[in-house]
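The values are calculated or read from the model by the stated rules, or taken from the named source; none is laboratory data. Note that the structure is predicted; figures quoted are calculated from it, not measured. All Cβ positions, even for glycine, are placed from backbone atoms using ideal geometry, and neighbour counts span all protein chains on display.
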Amino acid sequence: MNGTERALGRTAGLLVSAGLVLAGISAVDAQMAPPGPPAVGVIETIKRPITESNEFLGRIEAPNRVNVVARVTAFLDKRNFVEGAEVKAGDLLYQLERGPFEADLAAKKAQVAQLQATLVNAKLTTQRAQTLMSGPAGQQSNVDAAVANQQSLEAQIQAAQAQVDLSQINLDYTEIHSPIDGRIGRTAVTEGNVVTPSSGTLTTIVSQDPMYVTFPVSVREALTLRQRYITRGGFKAVVIRLRMPDGRLYDKVGELNFVNNTIAQNTDTITLRGTIPNPTIYTSAETGGAVRELTDNEFVTVLLQGVEPVDVLAIPRAAVLSDQEGEYVYVVGADNKAEQRRIKLGQSTSTIAAVTSGISLGDKVIVEGLQKVRPGEVVAPGPASALIQSSMKASAEDNGGAGGQKSGANP
């Protein structure tokens with residue numbers, strides 16, 4: 001190899017080395033280059049209709065409750081109802097021993113008849129005395145005595161007739177009838193036992209349809225509800241829905257009709273009451289008649305909802321974050337920088353958060369990619385996914401659904 005070839009070889013080697021160095025520098029530069037801004041999905045705040053709803057713990061109560069008791073002392077001859085069945089007003093429930101009361105009534109009627117016969121004779125005596133007054137043998141004293149005796153007998157007949165009426169009443173009390181329509185409970189006394197007015201409750205009847213639902217509301221929340229609905233129609237501005245103990249939503253709607261006139265001192269709550277239908281859902285021969293959804297003294301969750309939906313500034317619930325200071329969201333500000341905004345939530349649902357302060361109409365709220373967002377950093381905003389968009393649309397069409405804030409206390 002001559003000198004020229006050796007020079008060319010060294011030159012080629014230097015060029016290769018330089019290329020490798022440049023390639024290494026480019027790789028390092030590529031690794032050191034900062035990544036692009038994180039991509040996030042945003043949605044623009046708009047007005048959405050939502051049904052205002054508040055949740056309270058309530059109790060079902062029968063509007064009418066009757067404790068059946070005996071009015072006279074007698075042996076219980078027969079029970080004429082099936083325990084747990086529904087009865088109608090006027091149905092015969094118990095039959096007591098009638099014999100002693102029938103005999104007493106007959107004796108009182110006989111006494112009245114005896115006095116009436118005596119009164120007939122007294123009237124004749126009075127007439128004869130008055131006739132004799134027209135002749136010389138008549139005396140005023142005889143007339144006065146006859147009139148007095150007649151009036152005395154008339155008073156005795158009235159007293160005796162009152163005793164007949166009382167005996168008839170006692171005889172009628174030997175048949176105990178239902179005073180209301182409702183479901184009857186178990187009997188406390190069986191046939192053959194003596195019952196008296198002091199025996200206590202023989203059985204209890206509670207009305208079935210409609211039912212009351214009562215629920216306590218804190219004074220602060222009661223004032224909020226009053227301010228919200230008083231100008232919209234008061235009681236008629238809200239409806240009552242129930243969530244059953246197994247989580248099902250009761251398919252009947254009730255109406256609010258009463259607010260108590262005093263506040264419970266131990267809980268600082270005021271009691272509200274509504275009426276809700278309780279129709280028959282099934283007829284069973286084993287239970288003695290109708291089966292209904294609501295039962296007296298049952299615990300339920302009360303949903304107090306506005307009749308008309310209201311427009312609120314709405315964002316997806318997924319956009320709301322929280323920490324020790326409260327709730328906040330990220331919005332895309334100037335130069336695509338993420339801004340943290342503290343917000344206050346109003347009436348919300350499981351999918352939509354209603355915001356009362358902290359953001360404005362038209363703000364671009366970050367919904368997706370929140371884990372990559374830091375306050376003040378630039379982001380690459382884009383439309384939120386179709387799933388978020390469709391959930392907002394569906395919630396708007398449903399007027400907010402039945403979700404709401406939980407409130408109230410145990411009754």
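Below is a table of values for the structure above.
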| item | result |
| --- | --- |
| Matching residues in region 159-184 - criterion: being aliphatic (A, V, I, L, M) and in a loop (DSSP other than H, G, I, E, B) | ILE180 |
| Condition check for LEU256: modelled with pLDDT under 90, surrounded by 11 or more Cβ atoms within 10 Å (Cβ to Cβ) and either hydrophobic (A, V, I, L, M, F, W, C) or over 22 Å from THR51 (Cα atoms) (or both) | no |
| Given (1) within 23 Å of ASN64 (Cβ to Cβ); (2) part of a helix (DSSP H, G or I); (3) β-branched (Val, Ile, Thr), number of the condition ILE240 does not satisfy | (2) |
| Those strands (runs of 3 or more DSSP E) lying entirely in region 296-386 with at least 1 residues in the same structural domain as LEU272 (by TED's automatic domain parsing) and at pLDDT 90 or above | 299-306 |
| Hits in region 280-337 - residues which are more than 31 Å from the chain's Cα centre (by Cα) and among the hydroxyl-bearing types (Ser, Thr, Tyr) | SER322, TYR328, TYR330 |
| Residues of region 206-227 satisfying the condition of being more than 21 Å from LEU242 (Cα to Cα) and touching a residue at least 24 places away in the same chain (Cβ under 8 Å) | VAL219 |
| Flag if ASN266 is without any contact (Cβ under 8 Å) to a residue 12 or more places away in the chain and either over 19 Å from the mean Cα position of the chain (by Cα) or on the phi < 0 side of the Ramachandran plot (or both) | yes |
| Residue in region 80-102 that is hydroxyl-bearing (Ser, Thr, Tyr) and either in contact with a His (Cβ under 8 Å, 6 or more places away or on another chain) or not in a strand (DSSP E or B) (or both) present | no |
| Out of GLY99, GLY200, sole residue that is in contact (Cβ under 8 Å) with a residue 24 or more places away in the chain and surrounded by fewer than 13 Cβ atoms within 10 Å (Cβ to Cβ) | GLY200 |
| Positions within region 281-295 being free of Cβ contacts under 8 Å to residues at least 24 places away in the same chain and in a strand (DSSP E or B), in sequence order | ILE281, TYR282, THR283, SER284, VAL291 |
| Test result for GLY9, at pLDDT 85 or above and surrounded by fewer than 12 Cβ atoms within 10 Å (Cβ to Cβ) | no |
| Check on ILE180, hydrophobic (A, V, I, L, M, F, W, C) and either more than 30 Å from ASN80 (Cα to Cα) or in the same structural domain as ALA107 (by TED's automatic domain parsing) (or both) | no |
| Hey, ASN67 closer than 13 Å to THR187 by Cα and either under 27 Å from the mean Cα position of the chain (by Cα) or assigned by TED's automatic domain parsing to the domain that holds SER357 (or both) or not | yes |
| Members of region 262-280 that are part of a loop (DSSP other than H, G, I, E, B) and touching a strand residue (DSSP E or B) at 6+ places or on another chain (Cβ under 9 Å) | THR262, ILE263, THR267, ASP268, PRO277, ASN278, PRO279 |
